[in-house]
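> Following this message is one structure expressed as C-alpha cells.
What follows draws every value from the coordinates through simple rules; no lab data is involved. Keep in mind the model is a prediction, meaning the values are calculated, not measured. Note that each Cβ is placed from the backbone with ideal geometry, even for glycine, and that neighbours are counted across all protein chains shown.
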Amino acid sequence: MTQPPGDPQLNYPHHPGHNPSQGQGPPPPWGPPYPGQPAPPSRTNPAFWVFSAAVAVLVVVAVVLVVAKMRGPAAPPAPAAAPPASPGQPAAESAPPFTEAIPPAPNVNKALLREMLLSTGMLNDIHHIFSGGLAPVQDTTDMFGETTDPAECASVYSPVLKQAYEGSSPQGVAAQVLENPEESNKLVNQTIQAVVAFPDAAQAKGYVDQQSTQWRNCAEKDSIAVHITPEISIRPFDPKPIDGVLTTSWLKLGGTGRGCQRAIAARRNIVIDVRTCDWASSWAAPEVANKIVERVDNA
C-alpha cells in the first residue's frame, strides 16, 4: 500500500524492550508522542516562568546578604583632597596666629614722684568738704618713724613707715600729710597720701602682695599697739579689694569712735600708699588711691 503524501507513516525505530507485535509502548523521550497521547507540559507555560523567576530572585537576595555580612559595614568616604597647586606655585601653608608682645610700661622717674600726689582741692572734693577742710601740714621725701607691736602690722596703721618697708628696696618717696586745722584731734579729717618708687614693676607688685598677706594675718588680732605719743591701740578689720584697690580699716580703741581707712596699690614701678581718717573710720581711701593710679598711668 502506497503511503499518501503528507501523511507519513509513524514508524519509530526499534529500541530494546520494544515488541511491535505487542502494540505501542511509551514513546522514547527524544521523540514526539504517539498519536492520541497528550503532550507533556510545555515550558512556555506562564506559571513555570513565574516560579523560576521567584526562585532566582530568592537566590540572588540570599547571596547579597551573605556577601554584605562578610564584608562588614561600609567604610566612611575619604575626605576630599585639597586642590592641587598651580604649576610653579608652592603649596599653601597655614600661618601661625600673629601675636604682638606688649612691652611693659617704663618706670616712672623718681624725680616725678611729687607730681603723682593729688592737690588739696581734689582731696577736699573727694571728702566732700566745701569750706575750710584739709590743708597740708607736712611734705616729705622720707619715711615715718612710728612703730607698732607686732612689727608686721605696721603697714596696717599708716603709709610709708620705715618699719613696714624694711627688707624691700624702695628708691624714692614722696608723702604729704593733710589735716583739718579746725579739728583739735589729728585723726579727724586727716589724709596721708604717698608714693614709693621701686626698681621695677615686679618688686612693687611683690610688696603689695606681701602686705595683703600681712593685713589678713593682722585682722585676726584683737589689738595692735602703736608707739606714738601718747601711745594708742587700734582694732584692725578684714582687708578686701574695693574698686581694684586693697583696703582695710581700723578703729582707735578706748571709746573714741575715731578710725582710719587704708588703701594700697601697685602700678608700674610705683606703690600708692594712702590713709584717710574721720569719725567712725572713713570711706575715701580707695578713691584717693585710684586717682593717684590714674596719674601714674599717664606719667
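> Given the peptides 233-242, 257-266, arrange them by the average over their residues of other C-beta atoms within 10 Å, most packed first.
257-266, 233-242
> Which listed residue (293, 254, 270) has the Cα farthest towards the positive end of the charge dipole for the range 254-299, taking +1 on Lys and Arg C-beta and -1 on Asp and Glu C-beta about the Cα centre?
270
> Here's a follow-up. Going by average Cβ neighbours within 10 Å, how do the peptides 270-278, 108-116 rank, with the highest at the top?
Packing order, densest peptide first, comes out as 270-278, 108-116.
> Between residue 53 and residue 139, what is the spin-label point distance in nm, taking each point 7 Å from the Cα along the Cα→C-beta axis?
11.4 nm
> For residue 243 and residue 147, compute 0.36 nm times the residue count separating them, minus their Cα-Cα distance, and round to one decimal in nm.
31.7 nm
> Simple spin-label model, 7 Å along Cα-to-Cβ: residue 235 to residue 217 in nm?
Between residue 235 and residue 217, the simple spin-label model gives 2.4 nm.
> Which cross-chain or sequence-distant (5 or more) residues have an amide H under 5 Å from the amide H of residue 144, H modelled 1.01 Å from N in plane?
Under 5 Å from the amide H of residue 144 lie the amide H atoms of 161, 162, each far enough along the sequence or on another chain.
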